[in-house]
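Right, one structure below, let's go through it.
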Amino acid sequence: MARTKGRRRLTCHHEAGHALTRWYFGHKTDRALVLTVDEVRAGKTARNRKGVVISGCEGIVEGYDIHGYPYGPMLTTGSAEEQTHSNYLSAINRDVELINCFAGITAEAHYRHASVNACILAGGIQDMIHARCLVDAWDLPYEEQQALLRLSELRAIALVQSKPGAAAIKAIADALMERGRLTGEQIARLCRKAYDGRECAHSAWNAHWPATPKQIRAGFIPERLGQVA
């Protein structure tokens, strides 16, 4: 039965998937917000950190762009080696943002015991449009595009279904159901608890890329920062 009051747990899990992805790969989050059904019906909207109204949106996870526009490789004025290194870093950010695109949908699918495709059709269209824009900007052959999207989906599934990842998503979703909004630090605290106090430093994954689904499923964290309460 569809929820008619309060917040939809499905939406809370979707946003929790995005929140976990940002945290796991070392990207700061400003906040997560989930509106109640009554608020959505009343026309209440959420604004992103740039002040843009996100219409028709029940939930949002806010933070700086993991991979900002333009989405393709960034041209540098340096040497060929510097351009290669810039492309490498841009590709990592692209890959993480692609995982993020799938993570909300995958978290929904895991919660519903449904297929990812079913969840895409149920509300993940915008995430997939964004994923396609990211991939298209790199001008890759069709076969490579499809392989990259499939790998991103497998990485997201590994994250969502891992023991610590599933625990973090449940904790974030439960908190969003109760409170409706969480700060970035509140999200990080819940994730650290699920990952035994570990947390990834920003850019720490750069030296370990490409991340494999096996690493992610095992809860690998590139750099241990010590126990944080």
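Measuring nothing but protein heavy atoms, the accessible surface of region 7-123 at 1.4 Å probe radius is 52 percent carbon and sulfur.
Phi angles of region 65-81 translate, via the Karplus equation with coefficients 6.51, -1.76, 1.60 and θ = phi - 60°, into HN-Hα couplings of 5, 5, 10, x, 6, x, 7, x, x, 8, 6, 10, 9, x, 6, 4, 5 Hz per residue; Gly and Pro are given as x.
Rounded to the nearest 10 degrees, the angle from helix 142-161 to the longest Cα principal axis of the chain is 50 degrees. For the listed residue pairs LYS163/LYS193; LYS28/LYS50; LYS28/LYS193; LYS44/LYS170, the alpha carbons are over 21 angstrom apart in LYS44/LYS170. Under 20 Å from a label point set 7 Å out along the Cα-to-Cβ vector of HIS202, the amide N atoms of region 69-95 belong to 69-70, 74, 86-95. Near the amide H of ARG8, within less than 5 Å, lie the amide hydrogens of VAL37, all on another chain or at least 5 residues away, with H placed in the peptide plane. With all protein chains kept in place, the per residue accessible area of the chain amounts to 51 square angstrom at a probe of 1.4 angstrom. Centre-to-centre, using Cα atoms only, region 9-72 and region 152-215 are separated by 15 Å. Split the accessible area of region 147-229 by element, probe 1.4 Å, and carbon with sulfur accounts for 55%. With a Förster radius of 35 Å applied to the C-beta separation of ASP136 and ALA218, the computed FRET efficiency comes to 0.65.
Using the Karplus relation 6.51 cos²θ - 1.76 cosθ + 1.60 with θ = phi - 60°, the per-residue 3J(HN,Hα) values for region 172-181 come to 5, 4, 4, 5, 5, 4, 7, 10, x, 8 Hz, with x marking Gly and Pro.
Taking the C-alpha atoms only, the angle from helix 184-194 to the longest principal axis of the chain is near 90 degrees. In plain terms, the chain from LYS50 to ASP174 could stretch by 41.9 nm, reckoned as 0.36 nm per residue minus the Cα-Cα distance.
Spin-label pair THR183-LEU89: with each label point 7 Å from Cα along the Cα-Cβ axis, the two points sit 2.9 nm from one another.
Compared with the dominant principal axis of the Cα atoms in the chain, helix 9-24 is inclined by about 30°. Ranked by the mean number of other Cβ atoms within 10 Å of their residues, highest first, the peptides 158-164, 42-48 fall in the order 158-164, 42-48. Considering only alpha-carbon pairs that sit under 8 angstrom and 6 or more positions apart, the relative contact order computed for region 34-86 is 25 percent. Amide H contacts of ALA46: ILE54, CYS57, each under 5 Å away and 5 or more positions distant or on a separate chain (H built 1.01 Å from N in the peptide plane; Pro and chain starts excluded). Among the chymotrypsin sites (Phe, Trp or Tyr not before Pro) in region 40-144, those placed in a DSSP loop whose Cβ has at most 15 other Cβ atoms within 10 Å are TYR64.
The values are calculated or read from the model by the stated rules, or taken from the named source; none is laboratory data. Please read these numbers as outputs of a predicted model, since none were measured by experiment. Heads up, the Cβs are rebuilt from the backbone with ideal geometry, glycines too, and the neighbour counts pull from every protein chain shown. Remember, those area values only see protein heavy atoms, side chains included, never the ligands or the DNA or RNA. Shrake-Rupley method; radii C 1.70, N 1.55, O 1.52, S 1.80 Å.
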